Structure formats: structure tokens, C-alpha cells
Amino acid sequence: MAQFDVHRNTGKQREAIPYVVLVQSAQFDAYRRRVVIPLVRLAALGTVNSPHLNPVFEIENVAVVLHPLEIVSVASDPLGEFVVSLAAEGDRIAAALDELLTRAWG
């Protein structure tokens, strides 16, 4: 598993959230948990109000939206199969996390 790898969501909400993207640094690979962000179907979300916070990607011909407000730590065992790497989009994902965590707004 590598940072920005996309895995199938095996959870109950897999219809609306077909994928998750791994965002934690490889520095923490020894831990049994992984920090992931859901990739929500654009069709399920409707509109994207903040393209910086919620960039849109296309995976397997499905438009999905990064939803960092739903960031979660999960056990690495139940992560679904690897689908694709978004490493080429890593700057957009990191920028979304910066937008979420910035102290500029208090």
C-alpha cells in the first residue's frame, strides 16, 4: 500500500462511496491502521461547493469527489482491492487536506 492508492470500499456505504484513498505517509506503514478519505460518487453528492476542498476524479469511468471531512482511520486488513494510484494527483489531495486543516480561518 502506498500513499494515494485507491482501494474499493468494502463497507456498507459502498454504493455511494465506491472507493477510499490512502493518505497517510509511508512513514507510518508499520502501524496496523491506515488513514483514508472517502471518494463519494459525484451523482450521490450533487454539487461541489468547494473544488479546492473537494476535487473531482474519474476512476473506472465513475466521477468521484474527495470528501476530507469524512477522513477516517481504518484497520489495514479489511481494505478492499487496489484499484489505481492517484499519486499524480497527490498535490490536489494534499491541498484539500491543507484547506481542511489550515489555521487561517481560526
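General remarks:
- Translational diffusion of region 1-44, µm² s⁻¹ [Kirkwood Rh, Cα pairs; Stokes-Einstein; 25 °C; 0.890 mPa s]: 223 µm²/s
- Given the chain, longest segment not containing exposed loop GluC sites (Glu not before Pro) (DSSP; at most 11 other Cβ within 10 Å): 16-59
- Rolling a 1.4 Å probe across the protein heavy atoms gives the chain an accessible surface of 63 Å² per residue.
- Restricting region 1-87 to chymotrypsin sites (Phe, Trp or Tyr not before Pro) in coil, as DSSP defines it, with at most 15 other Cβ within 10 Å: Tyr31
- Charge tally around His52: other residues with Cβ under 14 Å, Lys/Arg +1 each, Asp/Glu -1 each, net -3.
- Scanning the chain for trypsin sites (Lys or Arg not before Pro) lying in DSSP loops with no more than 11 further Cβ atoms inside 10 Å, the longest uninterrupted stretch between such sites is 33-102.
- Accessible-area composition of the chain, carbon plus sulfur, in percent [1.4 Å probe]: 52 percent
- Residue of Leu39, Leu79, Leu69 that the Gaussian network model of the chain assigns the largest fluctuation, springs spanning Cα pairs under 10 Å: Leu69
- 222 nm mean residue ellipticity, helices alone, for the chain (DSSP H n ≥ 4; -39,500 (n - 2.57); rounded to 500): -4000 deg cm²/dmol
- Within a Gaussian network of the chain (alpha carbon springs, distance under 10 Å), most fluctuating of Pro51, Pro78, Pro38: Pro78
- Candidates Val72, Val21, Val56: whichever shows maximal mean-square fluctuation once the chain is modelled as a Gaussian network with Cα springs under 10 Å: Val72
- Cα convex hull of the chain, projected area averaged across orientations, nm²: 6.9 nm²
The values are calculated or read from the model by the stated rules, or taken from the named source; none is laboratory data. Keep in mind that what you see is a predicted model, and the values were worked out from it rather than measured. Methodologically, a virtual Cβ is constructed for each residue, glycine included, from the backbone with ideal geometry; neighbour enumeration extends over all protein chains shown. Calculation scope for accessible area: heavy atoms of the full protein, side chains included, ligands and nucleic acids excluded. Shrake-Rupley method; radii C 1.70, N 1.55, O 1.52, S 1.80 Å.
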